[in-house]
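The values are calculated or read from the model by the stated rules, or taken from the named source; none is laboratory data. Source: prediction; values computed, not measured. Glycine also receives a Cβ, built like all others from the backbone with ideal geometry; neighbour counts cover every protein chain displayed. Note: areas computed on protein heavy atoms with side chains; ligands, DNA, RNA excluded. Shrake-Rupley method; radii C 1.70, N 1.55, O 1.52, S 1.80 Å.
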Amino acid sequence: MPTFQAPVTLKRLALATSTSVLLAACGGGADNGLATSASNDVSAGRPQTAANATAANAVDSPSAPSTATTGGVANSTPSGTTSSVVPVVPVAPAEPAEPAAPAAPTQNTSLPPLAMPSSIANGSTVQLECGRLYQGTLDLRGKSNVVVNTVGNCGKAVLSPGQAINGWVRHQGNIYSAPVGFDVAQVSISEQPLPKAHWPSATQVWARANASSQSSLSYGMPNADLVGATLIFKPYVWAIEARRITAYSGNTMSLASTGNVNFGGYALGGQVDFYVEGKLWMLDEPGEWAVSNGRLYVWAPDGLSPEGRVWASPDKDGIDASDSQAITVDGVAISGAANGINATGAVNLHVLNVDIRNSSGNGILNSGGSGLRVDAAAIRNSRHDAIALKWGGGGERITNSTIDASGSYGMPTNSHAAINLTLSDSAVVENNRVTNSGYIGIRVFRNAVVSGNTVDGACRTLTDCGGIFTSSPERTVLNTRIENNLVRNVGPEQILAWGIYLGDYANGTSVSGNTVTGSGNGMEILNGYDNTVSGNVFAQNTQAHVQIVEAGASSVVRNNAFNSNAFSITGRQEIYRISSDLGTSAVARFGTYSGNRYTSTSSIFANFNGEALSFTQWQSRTGQDGNSVLNAH
């Protein structure tokens, strides 16, 4: 990863006070001075003095003073103070695995952060000064018809609830500590998030429980200091859960709910894989952090002093627009928040040309809302989902955006999808680039259009997973179109990974014009029916290009049409892998196949309920593909 630098020249905004209300950012977030005007515009542009961090008694031996560079500006600050070091949004290399992120917002790091505007009226325009950092959470709860934007041409305004941490002293070895005056939820060094200290170490990741129940887990831990730590465990290959440890005695942890909505609430039981995190004794390798007795401890990835390059954030959002209506956020950056934008229950939120980076929860959370529009956004390093509507939804439009590393950075954690529209009706997801997702890349539901997207890398943390996914557990008609997408590198070494995944009883979908390559499998239809798969290209998938599964005692798979697709095999992959719990005779009714073009030198064309068939045998057994062509390489 290259070193990213932010320009330091600030082009100060000339504020037209005759048409705006100026919110003066008074020191420490005190009441703002107001100048009333005839308009409802709000400009936030007066600097506040950076608040001093709460100084703790130094308990470690001081290290030599350190001056580090963040965003291209040298910062040297006294021990125990908060400097003007601010997070930036860097530019990543333009490669498939590391897509280009937006240019770093221009920030004048010689000026202190500004207080977040407050007491926003309905119908206001909140004008943020270009190139400046606003600290705190922008409170738009329950508001309506508010516009938030950056004014000026010196870079996007940056919103963050976090702050720089300085005053570092050596604790032991390469571990340094500094005083911190809040409950830390996230730590980054030079804009790269660090995982919490954890056991086992990163090389092992998981331990195996001796036994577990709903409220306990048994294992002989190497240290009994566990109260307040978090247990992370894997109940299924497609889910990760968390519990809070309340006691540890006799090799048994007592557990309670974390209350974190980003986990699914699956039960604990049996010999599950797990790890624990959040205690100082677990800090035993580079790139980790822990908090103990009011001090933040960090072992930097390079082993050097963290002075001048650490940003820490509490569990607070960048913008809280919950239960709001018709809010527009345009041309700003949000960094180091829990949720970049918490819009739970919000209707018609528009997020335009916004950069959201390093979210310890989600980039945009709009569960229970509807009408979300996201265009030309860049969302990177979301701990769980980039865009999340876990329930509710309707009429979403996610377009022209870049989403990278959702649910896939740091230690394994739960995620649902980079773009997660679980129950949304009539969503449009077009022309996005979604890369390096921990679980599903794009998930949609009924009457959706998924078109022109690139999904490059998914299922990086969890499995039983797809690059693009839809399902209909209640068996209602989906009427969803998945068309003209490029899907690649979806779990290439996994058995249960598919470029396109039509899950539980998916029906009434059209899959057309897509290219699916380099994945564990090309696509799957699980207990699905009445689906059309046409004009797609499948190549270089590891196991099978198309898998159709009928699971259970009911005869459900039928009327799936495969027309005019192109398949290419190298090695011993299978074109079709089809199976039914009802036996071999059942798979012949799964669908129709015509006008397809197959390229292969393998003697195995299809896996027919466990039986290997050549192309000629396939035609004979199914009575299909009579007008299709098989060519040798």
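Structure summary
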{"read-out": "In the range 537-575, the residues that are farther than 15 Å from Thr601 by Cα, under 32 Å from the mean Cα position of the chain (by Cα) and open to solvent by 20 Å² or more (accessible area, probe 1.4 Å)", "value": "Val537, Thr542, Gln543, Gln547, Val549, Ala551"}
{"read-out": "Residue list for the range 233-253, filter: of a type in the set (Ser, Thr, Tyr) and crowded, with 19+ Cβ neighbours inside 10 Å", "value": "Tyr248"}
{"read-out": "Hits in the range 180-224 (condition: part of a strand (DSSP E or B) and either open to solvent by 30 Å² or more (accessible area, probe 1.4 Å) or touching a Ser or Thr at 6+ places or on another chain (Cβ under 6 Å) (or both))", "value": "Gln186, Gln192, Lys196, Trp199, Arg208, Ala211, Ser213, Ser216, Ser218"}
{"read-out": "Matching residues, the range 506-518, being surrounded by fewer than 20 Cβ atoms within 10 Å (Cβ to Cβ) and not in a strand (DSSP E or B)", "value": "Gly508, Gly513, Gly518"}
{"read-out": "Residue check for Thr601: of a type outside the set (Phe, Trp, Tyr), surrounded by fewer than 17 Cβ atoms within 10 Å (Cβ to Cβ) and either more than 31 Å from the chain's Cα centre (by Cα) or at pLDDT 95 or above (or both)", "value": "yes"}
{"read-out": "Looking only at the range 414-435, and only at residues there that are in contact with a Lys or Arg (Cβ under 9 Å, 6 or more places away or on another chain) and open to solvent by 10 Å² or more (accessible area, probe 1.4 Å), the one that is nearest to Leu231 (Cα to Cα)", "value": "His416"}
{"read-out": "Within the range 471-505, tally of residues that are touching an Asp or Glu at 6+ places or on another chain (Cβ under 9 Å), in a loop (DSSP other than H, G, I, E, B) and crowded, with 24+ Cβ neighbours inside 10 Å", "value": "0"}
{"read-out": "Residue tally, condition among the polar types (S, T, N, Q) and on the phi > 0 side of the Ramachandran plot, over the range 400-448", "value": "5"}
{"read-out": "Exclusive hit being farther than 30 Å from Ala178 by Cβ and small (Gly, Ala, Ser), set Ala376, Ala337", "value": "Ala376"}
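Conditions tested, residue by residue: (1) open to solvent by 30 Å² or more (accessible area, probe 1.4 Å); (2) of a type in the set (S, T, N, Q); (3) within 15 Å of Thr230 (Cβ to Cβ); (4) outside any loop (DSSP other than H, G, I, E, B).
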| site | (1), (2), (3), (4) |
| --- | --- |
| Leu255 | no, no, yes, yes |
| Asn260 | yes, yes, yes, no |
| Ala267 | yes, no, no, no |
| Phe274 | no, no, yes, yes |
| Trp281 | yes, no, yes, yes |
| Asp284 | yes, no, no, no |
| Trp289 | no, no, yes, yes |
| Glu307 | no, no, no, no |
